[in-house]
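The values are calculated or read from the model by the stated rules, or taken from the named source; none is laboratory data. This one's a predicted model, so the numbers in the text were calculated from it and none came from an experiment. Note that each Cβ is placed from the backbone with ideal geometry, even for glycine, and that neighbours are counted across all protein chains shown.
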Amino acid sequence: MEEELSSSDIERLAAVIVELRRTLRRAGAQAERRGQAGPATSEGDPQVPRSPAGPGRRTALTGSELEVLRFVASHPGVGTNGIASALRLRANTVSGVCGQLIRAGHLERRTDPGDGRAAQFYPTEATIHRRAEKTGRRAEHLASALERLPTTDHTAINAALPALERLVAELDALSVLDR
């Protein structure tokens, strides 16, 4: 017999997901403040660099810039229309955001070999390096927390991973249908 999740269970799952994400980001920011990481970063994401705002000054990236940067880093070689479609943004907005990220040194623009006019976007080596550092710090923090849990919790979390991965795929599929 399959067990259905109640609405309170669904709300609880959503809250746990949000809190996991927030806690991991906070841990990354704390590690950075302790000097375990490199350059200054934006407020909401401990390893996304800030955009230059003038000589010696840096400001946080906007929400759209962060979203586009994360997407391109996960999908190198994507074009403006691909980004716009995936993030449900207008192509002209994506074009402007990508231009800002290029000027700030976070993205590179390359011409599509099949279509000399179409742009493909790639994260810079510095961005790739920062993302790897961020992922490593988050994994270390998570591993430390997991070590403190009993083996039964390890087993339960491990068993839940395939279902959570399928849930992510379904959420992605629903977001495509909502466009």
**Asked** Residues of region 125-157 being exposed (fewer than 10 other Cβ atoms within 10 Å of the Cβ) and among the small types (Gly, Ala, Ser), which ones?
**Response** 143
**Message:** Is it the case, given these coordinates, that residue 160 is small (Gly, Ala, Ser), out of contact with any Ser or Thr (no Cβ under 7 Å at 6 or more places or on another chain), at pLDDT 90 or above and exposed (fewer than 10 other Cβ atoms within 10 Å of the Cβ)?
**Reply:** no
**Request:** Hand me the list of helices (runs of 4 or more DSSP H) wholly inside region 84-179 holding 1 or more residues that are in contact with a Lys or Arg (Cβ under 8 Å, 6 or more places away or on another chain) and among the aliphatic types (A, V, I, L, M).
**Result:** 91-103
**Message:** Among the numbered criteria (1) surrounded by fewer than 13 Cβ atoms within 10 Å (Cβ to Cβ); (2) farther than 18 Å from residue 127 by Cα; (3) not hydroxyl-bearing (Ser, Thr, Tyr), which one does residue 89 miss?
**Reply:** (1)
**Request:** Please name all residue pairs, on different chains or six or more residues apart, with Cβ atoms under 7 Å, provided the first residue is in region 109-129 and is without any contact (Cβ under 8 Å) to a residue 60 or more places away in the chain and under 16 Å from residue 71 (Cα atoms) and the second residue is of a type in the set (Phe, Trp, Tyr) and crowded, with 17+ Cβ neighbours inside 10 Å.
**Result:** 109/121
**Request:** Examine region 67-82 for a residue that is farther than 26 Å from residue 25 by Cβ and not in a helix (DSSP H, G or I), and state whether such a residue exists.
**Result:** yes
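Every residue, every condition in (1) surrounded by fewer than 18 Cβ atoms within 10 Å (Cβ to Cβ); (2) within 25 Å of residue 23 (Cβ to Cβ); (3) modelled with pLDDT of 85 or more; (4) among the hydroxyl-bearing types (Ser, Thr, Tyr), yes or no:
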{"position": "40", "(1), (2), (3), (4)": "yes, yes, no, no"}
{"position": "52", "(1), (2), (3), (4)": "yes, no, no, no"}
{"position": "55", "(1), (2), (3), (4)": "yes, no, no, no"}
{"position": "70", "(1), (2), (3), (4)": "yes, yes, yes, no"}
{"position": "105", "(1), (2), (3), (4)": "yes, no, yes, no"}
{"position": "110", "(1), (2), (3), (4)": "yes, no, yes, no"}
{"position": "123", "(1), (2), (3), (4)": "no, no, yes, no"}
**Complete:** Out of (1) of a type outside the set (Lys, Arg); (2) under 20 Å from residue 76 (Cβ atoms); (3) free of Cβ contacts under 8 Å to residues at least 40 places away in the same chain, the one residue 133 does not meet is (3)
